[in-house]
Amino acid sequence: MPLPVTDPVLIVAITMVILLVGPLLFERLRMPGLVGLIALGAVAGPSVTGLLERDATFVLLGTFGLLYLMFMAGVTLDLGEFRQQRRAALAFGLASFAGPMALALVAGMGVLGYGFAAAALLGSIVGSHTLLALPLARRLGVAGERPFVIATGATLVTDLLSLIVLAVVQGVVSGETGAGFWVTFAGGAAVWTLAVLAGLPRLAGQFFRRVRREDDAAFAFLLAAVFLAAWTASLVRLAPIIGAFLAGIALNRLVPKRSPLMTRLRFVGDAFLVPFFLVSVGLLVDVRVLGALDVWVLALAFTGLVVVGKGLATLALAPVLGFSRDEGVAVAGLTMPQAAATLAVTLVGFEMGLFDAVAVNAVVLTIVLTCLVGPTLVRVFGRRAALAAADAPYEPTEAPERIIVPLSNPETAEELMQLALLLRSPASEQPVYPLAVARGGPGEAARVAEAEALMERAVEWATAASVPAVQTVRIDDNPVVGIVRGVRELRASEIVAGWNGEWTPGTAVFGHVIDGVLEDTRAMMIVARLAAPLAAAQRMVVLVPPLLHREPGFARAARALKVLAAGKSLPLVVVAEREHAADVEARLQAAEPEATLTPYPVAQWRRLVRSLDGLVRPGDIVVALSVRSGSVAWRPGAQRLVRVLARRFPDCDLLSVTLSETRVDPYVREAEPSVEDAAGAFSVPPERLTPGLCTGSTETLLRGVIAPAFSDTPAEAAPLARLLALDGGSPERGTPEVTPGAVLYHTHTEHADAPALYVGTCPEGVRLPGASEPARVLLVALAPAEMDPDAYFRLLAAAARTVREPETVEALAQAPTPEVMQRVLRSAFRERLT
């Protein structure tokens, strides 16, 4: 058989064998599989067996793989984390380039005898790096860690500097060093960068709004965008790899990290295109020159410049950037492989006459050697870093999560599943649970079959995003009962449900089913009105009502929203009352993962909607946080707010997030005090219970409720009652109502040595400021002035929930004596414990 092989079918067959055998063989030898592809490519190349040659096909697919590798580096970059680390990435990129450049100038001019132009070009060769080992870091689970995000961002800096040096050297050699050249180069690069970063996301956003499904058309659109960006980069004298990387950054938000589209992108790249590029690099190796001493001397010198330069730069910055020893070595290994800019700069230098054939062969050997050293360091020390992260002290915020997704409408089911996948933490090992309820009775078999078909599709969508899913079908005449039973049996931590945005009389907010599930469960519930594709989202506007950030379930909601923001690389605009804005931002910042937060304080919450008109814009996801009635942060206007937002912003996605009330909240760092603790702190002996308070002003009623606390000094009750009335009735402070028919006034005071609860009742009900219904139960909580506000608030919330149920409010209001009121409260506390 004549060699090299020219039959296209046999060429593909040989290449596929290399792609299969290379990684398996070298991983058995405890070497990175990437190295096996380069090595077997060299064996199959012209200098050994001659089976294959680097013809136009390999050049094409190798270039395809190289550009795809750079695109994936940009599109998988955690932009939220990168924004937090942008200064570190810039500093690391400058150091990672400057170290090898300085060594190259010294060695090139002082040892190798190069001129300044050739030495500078050598510095640009060894100063750049290609993220060849990034798929390996991703498989180890460390690619999203801070040190690796910094190294990924630094790639843009090093490659850009490398290509700028190339442009300068080209200008010097060709004599184009005038002002016109620099103005043209800088202006063209600036205009191109602006066009890619600003224009490409807008174009993609329009596309995804019209093509709602992430199908083959979306995949083809992304590839077209990448190669157009790469080609236009060459028009402004930038390397195509810069165009591919910048296109990945521009399209980052539109490709969710856990989605079928991302799974397709990674599969095509990791399984075919990137390996093909590595084989094409192997075909460049001329094994016959391995015996030439001068080639080896140059290759080892170039490799030494890379290893020492990158290593010293990482070693110098690791303590400053907070890298551990293992992370520092692994990051150095990630920056060592040479391929992308190295080949481009070397070939240009050869054409300009600055490098001879020996130098070109030495650079090819340098590529092979650095591709051996770098991935090996990432594999060994990256695994150690991953094990160290796994052995770190347990964080409650990393506890397992179980997301249940009730589905009924096939037309919206896919987008609802996509939202659930985005809300799921990447570190979670729990599956997603799509659930359907089929009504019983006549035609039951057909309805069950339809539900099962919908569940099968839901599992397919989750599987396409590499997320496990367990389908659940319930048979029940009442869908609310079926969903609630599923939530309780699966012990769900989050419920993700869909809403059409419409409101009908007779329903609280979302309709009979969702309102019923909200009332009968205590897990966090996310109700979504998806008016636009999630792929086109640009920001999240999060509305945090007063005091809600102190609710125990806020930490879990904060984590879920930041996971969603990180998955879509969305910045968060946090809207809160000016008085609480700093505390809200601090609590959100404390939750993982990292995300960009922009505070947007408002003077008065009751004027919120008017403030949003100038803030919310198309492409925003509006998130309204709320709590169930019976919580201190509950506000009657929360129900109206969701309806108003749905009408006012019909083109924006709307999420209504109701906080969790589970007693054991794995996302709260400090365990929430149980109701039993609250009952002990707020012990209510009969002398603190006063029935029949139905006359007088608010101040008079409150004075009657707290009178037992001032039996020795009754005159001191009036000023405190006046303060409670003013705070509770202030529009800025919000309503004191915790559930229809029950109000709670509270304060820290020097008159209390320990937390104490006072209760008064009025069977007929009295009108109080801020309450939606006549109040029949008045609760006043007094705490010592020095008591920690968070501890006090948690106890307050637990006590307030005892009057959540209408039956409790009714029983207290009708209780004729303090002793009967005490029995009702004790019964309510016991029910909250079960």
Query raised in the report: For V470 and V644 in one chain, what is 0.36 nm times their gap in residues minus the Cα-Cα distance, to one decimal in nm?
Result: 59.1 nm
Report task. Mind listing the long-range amide H neighbours of M524? Cut-off is under 5 Å, sequence gap 5 or more, other chains count too, H placed in the peptide plane at 1.01 Å from N. Result -> I495, S660, E661
**Report entry** Computed over the stretch 126-270: relative contact order in percent, which uses C-alpha pairs under 8 Å that are six or more apart
**Finding:** 23
Query raised in the report: Hey, what do the phi angles of the stretch 217-230 turn into as Karplus ³J(HN,Hα) couplings, whole Hz, using 6.51/-1.76/1.60 and θ = phi - 60°, x for Gly and Pro?
Result: 5, 5, 4, 5, 4, 5, 5, 4, 5, 4, 6, 5, 5, 5
Query - Cα-based Rg / Dmax (Å) for the stretch 1-75 - result: 13.5, 44
**Report entry** Accessible area expressed per residue, the chain, with surrounding protein chains retained (probe 1.4 Å, Å²)
**Finding:** 41
Query raised in the report: Can you give the convex hull volume of the alpha carbon atoms of the stretch 1-156 per residue, in Å³?
Result: 160
Query raised in the report: When ranked by the protection proxy of mean other Cβ atoms within 10 Å per residue, highest first, what sequence do the peptides 471-480, 53-62, 122-131, 139-148 form?
Result: 122-131, 139-148, 471-480, 53-62
**Report entry** In Å, descending, principal axis extents of the Cα set of the chain
**Finding:** 105, 65, 49
Query raised in the report: If you line up the Cα atoms of the stretch 762-833 on their principal axes, what length do they span on each, largest first, in Å?
Result: 37, 31, 20
Requested in this report: Any chance you could give the angle, 0 to 90 degrees and rounded to 10, that helix 240-250 forms with the longest Cα principal axis of the chain?
Outcome: 0
**Report entry** FRET efficiency estimate (nearest 0.05) - Cβ-Cβ, D216 to R87, R0 45 angstrom
**Finding:** 0.65
Query raised in the report: When Rg is the radius of gyration of the Cα atoms in the stretch 117-225 and Rh is its Kirkwood radius, what does Rg/Rh come to?
Result: 1.09
Query raised in the report: Whose amide H sits under 5 Å from the amide H of T749, counting only residues 5 or more places off or on another chain, with H placed in the peptide plane?
Result: A783, A785
Query raised in the report: Taking the mean number of other Cβ atoms within 10 Å as a proxy for protection, how do you rank 811-823, 284-296 from highest to lowest?
Result: 811-823, 284-296
Query - Cys with no candidate disulfide partner in the chain (beta-carbon separation under 4.7 Å rule) - result: C371, C652
Query raised in the report: When the chain is fully extended, how far beyond the present Cα-Cα distance does F710 get from L315, taking 0.36 nm per residue of separation?
Result: 135.4 nm
Report task. Would you mind computing, in nm to one decimal, how far apart the modelled labels at R383 and E452 are, each placed 7 Å from Cα along Cα→Cβ? Result -> 4.5
Requested in this report: Would you work out what percent of the accessible area of the chain, with all protein chains in place, is carbon or sulfur (probe 1.4 Å)?
Outcome: 60
Report summary line: Between W231 and Q206, the FRET efficiency computed from the C-beta separation at R0 = 25 Å comes out, to the nearest 0.05, as 0.70
Query raised in the report: Helix 789-800 versus the longest principal axis of the chain: what angle, 0 to 90°, nearest 10, using Cα atoms?
Result: 50
Query - Kirkwood hydrodynamic radius over Cα pairs of the stretch 167-307, then Stokes diffusion coefficient at 20 °C and 1.002 mPa s, in µm²/s - result: 116
Query - Taking N as its residue count, the alpha carbon Rg of the stretch 65-175 over 2.2 N^0.38 Å - result: 1.19
Requested in this report: Just the number, please: percent antiparallel of the DSSP beta bridges in the chain, rounded to the nearest 5.
Outcome: 25
Query raised in the report: About its Cα centre, what dipole magnitude does the chain give when the only charges are +1 on Lys and Arg Cβ and -1 on Asp and Glu Cβ, stated in debye to the nearest 20?
Result: 940
Query raised in the report: Based on the Cβ-Cβ distance from V358 to V308, what FRET efficiency comes out when R0 is 25 Å, to the nearest 0.05?
Result: 0.70
Report task. Using only Cα atoms, find the angle between the long axis of helix 200-210 and the longest principal axis of the chain, and express it within 0 to 90 degrees, rounded to the nearest 10. Result -> 60
Report summary line: With x for Gly and Pro, the residue-by-residue ³J(HN,Hα) of the stretch 96-103, computed from phi through the Karplus equation 6.51 cos²θ - 1.76 cosθ + 1.60 at θ = phi - 60° and given in whole Hz, is 5, 8, 5, x, x, 5, 4, 5
Report summary line: Under the Karplus relation with 6.51, -1.76 and 1.60 and θ = phi - 60°, whole-Hz ³J(HN,Hα) for the stretch 295-307, x at Gly and Pro, equal 5, 5, 4, 5, 4, 5, 5, 4, 5, x, 4, 5, 5
Query raised in the report: How big is the Cα convex hull of the stretch 485-599 in projection, averaged over all directions, in nm²?
Result: 8.3
Query raised in the report: Taking the simple approach of a point 7 Å from Cα along Cα-to-Cβ for both I164 and R491, what is their distance in nm?
Result: 5.6
Report summary line: Any lysines whose Cα falls less than 16 Å from that of K257, other than same-chain ones fewer than 8 residues away, would be K562, K568
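The values are calculated or read from the model by the stated rules, or taken from the named source; none is laboratory data. It should be emphasised that the depicted structure is a prediction, and the values quoted were computed from it without experimental measurement. Positions of Cβ are backbone-derived with ideal geometry, glycine not excepted, and every protein chain shown enters the neighbour counts. To get the accessible areas, we keep the full protein, side chains included, count just its heavy atoms, and leave off ligands, DNA and RNA. Shrake-Rupley method; radii C 1.70, N 1.55, O 1.52, S 1.80 Å.
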